[in-house]
1. Name the one entry in LYS115, LYS156 that is under 20 Å from ARG230 (Cα atoms) and not in a loop (DSSP other than H, G, I, E, B).
2. Select, from HIS211, HIS247, the only residue that is in the same structural domain as PHE318 (by TED's automatic domain parsing), touching a residue at least 40 places away in the same chain (Cβ under 8 Å) and either loosely packed, with under 14 Cβ neighbours inside 10 Å or over 16 Å from LEU326 (Cα atoms) (or both).
3. Considering (1) without any contact (Cβ under 8 Å) to a residue 12 or more places away in the chain; (2) touching a His at 6+ places or on another chain (Cβ under 7 Å), say which one GLY237 fails and leave the rest.
4. Picking from ASN222, ASN288, which residue would you name as being touching a residue at least 40 places away in the same chain (Cβ under 8 Å) and either farther than 22 Å from CYS175 by Cα or out of contact with any His (no Cβ under 6 Å at 6 or more places or on another chain) (or both)?
5. Within region 159-187, count every residue that is of a type in the set (D, E, K, R) and assigned to a strand (DSSP E or B).
6. For region 188-196, does any single residue satisfy the condition of being of a type in the set (Ser, Thr, Tyr), part of a loop (DSSP other than H, G, I, E, B) and not assigned by TED's automatic domain parsing to the domain that holds PRO109?
7. For the condition at pLDDT below 95 and part of a helix (DSSP H, G or I), what is the one hit in LYS329, LYS316?
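The values are calculated or read from the model by the stated rules, or taken from the named source; none is laboratory data. Predicted model, so just to flag it, every value in this text is computed and none were measured. Neighbour counts are summed over all protein chains in view; Cβ atoms, including those assigned to glycine, are modelled from backbone coordinates with ideal geometry.
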Amino acid sequence: MEITPAERAEASCAKLEASQKSAAELQTRGADPRLEAVGRRTSLHLGGRRAPSYMAKTYIPALPPIMLKWWPRDIMSVSNTFDLYSISLGTRDMPSSNLFIRKLEAFHPLSNEEKELLDRHSRPLREVPPKQDIIREGDKPACVHVIISGFACRYKLIKEGRRQIMAYMLPGDTCDFNVFILKRMDHGIATLSRCQVLELSPETVLEMTEHPAIARALWWANLVDESTMREWLVNIGQRPAEQRIGHLLCEILTRLEIVGLAKENTYTLPVTQTDLADTLGMTVVHANRMLTSLRIRDLIDIDARNLIIKDAERLKAFSGFNPNYLHLKGGS
């Protein structure tokens, strides 16, 4: 049954009154509180410990100042959204909000200890504007880059200045976890949209790989990168232009579904037609015509920067898309 705005507001006020009453009781007792989250058997015990990596977000009414004062800053994520505060609660039943962890878990199960290790090393993040190099060809790689948000690409330039995009890096993707053993980069990595990038030192990567499950997940991710490169070669070399674009759109959908960024066959596609042309070996005009053709076939639609796949199974069949090269769920 749908809740009306008036009923929602009344419920919110009731919860706020309850929160204020609880805060007053805690202040009267003068105790160091252990706040119990209401519902779903989820509890958050305060004590200055770092929040676990498997944190999930829930919304509660705005907390009174006395409760905010008690809340440890290293365990709290607060954002004023619709007059509510978003607070991270530890729970083992929710998927990780860390897309790096979420991506690795698609290849191999991780223990809570391993998730906490990955989460501990998932800060700070570097903000990179769109159309900027993260690292250039010829640079010495001093760290491993992980894309946490946004789209990036692996590319090479030829003498005439033309660009070939050889891979897309999506949220959760690692840009070659063993790249730091090289003396110089033989290609560049650049952002296609605004990105948040995690930089892992060689020492951090070695610490991670001391855990067999993390090492296996990283190796698996690396093997998937290689198999994706092989599939792209087949796509560019053998498929007609219209099927090339359709195949790429199906791949992006599948990869974003892994980290929970695609819903109902719809996802944000911050890629220009020039980017598509440089990816698929065609002119910008031809890329535009092929997208138009897919829309006429009623296979896709584009709303601003949202790509809507109207019939995923039909588009996959039309494009010859088989996700076996992505080796999802431990290679199934």
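1. LYS156
2. HIS211
3. (2)
4. The match here is ASN222.
5. Residues that pass the stated criteria total 1.
6. Checking region 188-196: at least one residue is of a type in the set (Ser, Thr, Tyr), part of a loop (DSSP other than H, G, I, E, B) and not assigned by TED's automatic domain parsing to the domain that holds PRO109.
7. LYS329
Rundown of residues vs (1) in contact with a Gly (Cβ under 8 Å, 6 or more places away or on another chain); (2) of a type in the set (A, V, I, L, M); (3) at pLDDT 95 or above, yes/no style:
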site	(1), (2), (3)
MET169	no, yes, yes
PHE177	no, no, no
PHE180	no, no, no
ASP186	no, no, no
SER193	yes, no, yes
GLU203	no, no, no
